[in-house]
Amino acid sequence: MTSIETVAQRAAPGWMILALACSSQFMVILDASIVNVALPSIRGELGFTPTGLAWVVNGYLLTFAGFMLLGGRAADLFGPRRTLVAGLVLFSASSLAGGLATAPEILVAARVAQGVGAAMMAPATLAVINTSFTEAHARARAFGAWSASGGVGGMAGAVAGGALTTGLSWRWVFLINVPIGAALIVVALLSATGTRTGRRESLDLAGAVTGTAGLAALIYGVMQSADHGWTSVRVVGPAVAGLLLLGVFIVVEARFASRPMMPLRLFRVRGVAAGNGMLLLFGGIAIAMWYFTSLFLQNVLGYSALQAGLGQTPAAVTFVVIARWAAALLPRTGARSLVLAGCACFVAGFGWLAQAHAGSGFVTGVLGPTLLVAVGIGLTFPTLMAAATAEAPEGDAGIIGGLANTAVQVGGSIGLAVLATAAGARAATEAGGSSPAAALAAGYGLVFLMAAGLGLAIAAVSVLLPRHRHG
């Protein structure tokens, strides 16, 4: 490293480091949803089949979740800054390739590569925060800002995708990442991201292969359940293979790896074990809130995709405000109190939302309960992320960040499949004696009640969190 670069990194203020982490996380989450609105235009221009079109979304989500642990360990071995820069380069280059794609295969390949880049970026941003903000209050505020940036990215997808596709072209859904990514690469090269630059260790190749392949196979199988049913060989085969590979991964890490990719000793840290368990459940909460509420607005109340996105904006703003407030409270109250308060909001908000029907008004049927659920998400998400990563040894900050992100993504994937199946089955039983909108409302109502149950489950697991305060 040159002396000029060293001085620039040492002089980098905390706000610049935090802005880098938050902006990178915003891009990662935004790209999981921004493409959805553009899918009809993409299909018309590139000639996708319906099955192939789904992989414009699934290709990204699959590699994003599957490679997260590997990306987290890369941040530990090579340093969070280098891993973040490498992820940004891959993400930006694949975005350019996607925006210029002339055939379906090129676009799907670009989305797969984007997912790998995102899997490097997401855990690296958490490692940046863990190694750059060591004081309890500063770290809590950083987690609040990071969580809020991801939430805003998820909600901005529908609005930004609709605006870019309508005003310019579907290609700009991808091309917009290129100048933003280039700017973030420059900032990353000039910003300090903690005292570590990585450690000289060889990668646990057996663990990397079995862990990554196992996660990818499991998520792939779960993704197929919506089209083929849970008993189909297309679902059972990959899911069982994934579970077997993950079993092999655990054996390798416990018995054979001299320097394991994911040291199992980390699960003896109570915050790591309990926090990741709750994040797995939280993935289902997030899916129920953002995905199924959007479907309710469109399929039951008749909103357009853009109107549905705008209809959820008040909840997104509420989440951002509460997440920042919760981060300020965390060092004083500890994690358990905030999680329990958030779970109370989940139960009340989803219970209220489950009463909505085809004749409900927006304000009382959707806005009120979603604001309450958004308060719960704002209280719990940054708190769970802090609990799952705060007690990790510095040398394992990357893999802990990868584990936390993986828990949310896997929980969301499984939650989407289970909740969608439940909603479809309930709607089918109601279809004979109800209007289509009423039948769908009944299905979504069941989903919201199940989400309230997930809130109760998170509250139950929260008793395992350490009693001491963070500050």
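Bear in mind that the values in this text are calculations on the coordinates, not laboratory data. Bear in mind the structure is a predicted one, so any value in this text is a computation, not a measurement. Glycine also receives a Cβ, built like all others from the backbone with ideal geometry; neighbour counts cover every protein chain displayed.
Taking label positions 7 Å along the Cα-Cβ direction at both H228 and T49, the computed distance is 1.4 nm, reported to one decimal. With +1 on each Lys and Arg Cβ and -1 on each Asp and Glu Cβ, and nothing else charged, work out how big the dipole of the chain is about its Cα centre, in Debye to the nearest 20. Approximately 920 debye in magnitude. Of interest is the spacing of the C-alpha centroids, which for the range 398-423 and the range 341-385 amounts to 20 Å. In plain terms, if you count all Cα to Cα distances in the range 369-471 and split them into 10 Å steps from zero, the share in each step is 13, 32, 30, 16, 7, 2 percent. The alpha-carbon positions of the range 56-170 define a convex hull whose volume is 105 Å³ per residue. Length gained on full extension, A437 to R259: 58.6 nm, using 0.36 nm per residue less the C-alpha separation. Taking every DSSP helix (H) stretch of at least 4 residues in the chain, weighting each as -39,500 (n - 2.57) and dividing the sum by the residue count yields a mean residue ellipticity at 222 nm of -25500 deg cm²/dmol. Estimated at 0.36 nm per residue, the fully extended path between W325 and T313 surpasses their Cα-Cα distance by 2.5 nm.
With the charge dipole of the range 1-193 set up from +1 on Lys and Arg Cβ and -1 on Asp and Glu Cβ about the Cα centre, the Cα lying farthest toward the positive end among the listed residues F78, N58, I176 is that of F78.
Note that the range 264-471, at 4 °C in a medium of 1.567 mPa s, gets a Stokes-Einstein diffusion coefficient of 74 µm²/s from its Kirkwood radius over C-alpha pairs. For the range 75-82, 3J(HN,Hα) computed residue by residue from phi via the Karplus equation (6.51, -1.76, 1.60; θ = phi - 60°) reads 5, 6, 7, 10, x, x, 5, 5 Hz, glycine and proline entered as x.
So what is the orientation-averaged projected area of the range 200-330, using the convex hull of its C-alpha atoms, in nm²?
12.0 nm²
Peptides 319-330, 218-229, ordered by how many other C-beta atoms sit within 10 Å of their residues on average, highest first, read 319-330, 218-229. Over the chain, the alpha carbon radius of gyration divided by the compact-protein estimate 2.2 N^0.38 Å works out to 0.93. Working ranking of peptides 120-131, 276-287, 175-186 by packing, defined as the average number of other Cβ atoms within 10 Å per residue, highest first, is 120-131, 276-287, 175-186. Translational diffusion coefficient of the range 1-193 at 25 °C, 0.890 mPa s, Stokes-Einstein with Kirkwood Rh over Cα pairs, in µm²/s as a whole number. Once the numbers are plugged in, D ends up at 145 µm²/s.
Please return the longest stretch of the chain lacking exposed loop sites, where GluC sites (Glu not before Pro) count only if DSSP places them in a loop and at most 15 other Cβ atoms lie within 10 Å.
Longest gap between qualifying sites, sites excluded: 202-471.
If I fit a long axis through the Cα atoms of helix 104-132 and take the longest principal axis of the Cα atoms of the chain, what angle between them do I get, 0 to 90°, rounded to 10? Computed tilt is about 60 degrees. Among 79-87, 354-362, 259-267, 443-451, the peptide with the highest mean count of other Cβ atoms within 10 Å heads the list, and the full ranking is 79-87, 443-451, 259-267, 354-362.
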